[in-house]
Amino acid sequence: MKDYILIFRADYSYMAGMSADERQAVTQRYMDWIGGIAGKGKLLDRGNRLAPTGKVVAAKNVVTNGPYTEVKEFIGGYSLIRAESYEEVVKLMDGSPVFELNGKIEIREITPM
């Protein structure tokens, strides 16, 4: 078994046009979807949403604002799962509400240091 991080990328401006009930419904679909992964014993950490603001630090302590507002698709959150292979992880992504936001899920294997 290997550990993977799921990085959720989407244009979250879609949610700004939704009513509070519609946003809650998307959140509930996410909780149901991630709960299905947990029910299969594959979830390590549900993860969290990430704030749409932040800082980017470069060499010599050069700090800029980020993520960049001109970017339509940004990282909105993450989860950690355990699976046998990338193929298994891809199958687990079926039905993710991130796809409703015209989003993508980046899957990366976590390699211990």
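What the table shows:
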{"quantity": "Length-normalised contact order for the chain - Cα pairs under 8 Å, 6+ apart - percent", "calculated": "52 percent"}
{"quantity": "For the chain, calculated [θ]222 nm from helices alone, where every DSSP H run of n ≥ 4 adds -39500 (n - 2.57)", "calculated": "-8000 deg cm²/dmol"}
{"quantity": "Out-of-range pairs (alpha-carbon distance over 25 Å; input 40/104; 42/104; 2/60; 60/104)", "calculated": "2/60; 60/104"}
{"quantity": "P(r), alpha carbons of the stretch 2-109 - 5 Å bins starting at zero, rounded %", "calculated": "2, 11, 20, 22, 17, 13, 9, 4, 1, 0"}
{"quantity": "Backbone N within the stretch 14-52 under 16 Å of label point (7 Å from residue 93 Cα along the Cβ vector)", "calculated": "34, 37"}
{"quantity": "In nm, spacing of pseudo-spin labels at residue 110 and residue 2 (7 Å Cα→C-beta vector)", "calculated": "1.4 nm"}
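Throughout, read-outs are computed from the coordinates displayed, never taken from laboratory work. Here the structure is a predicted model, which is why all the values come from computation and not from measurement. Here Cβ is always computed from backbone atoms with ideal geometry, including for glycine, and neighbour counts include all displayed protein chains.
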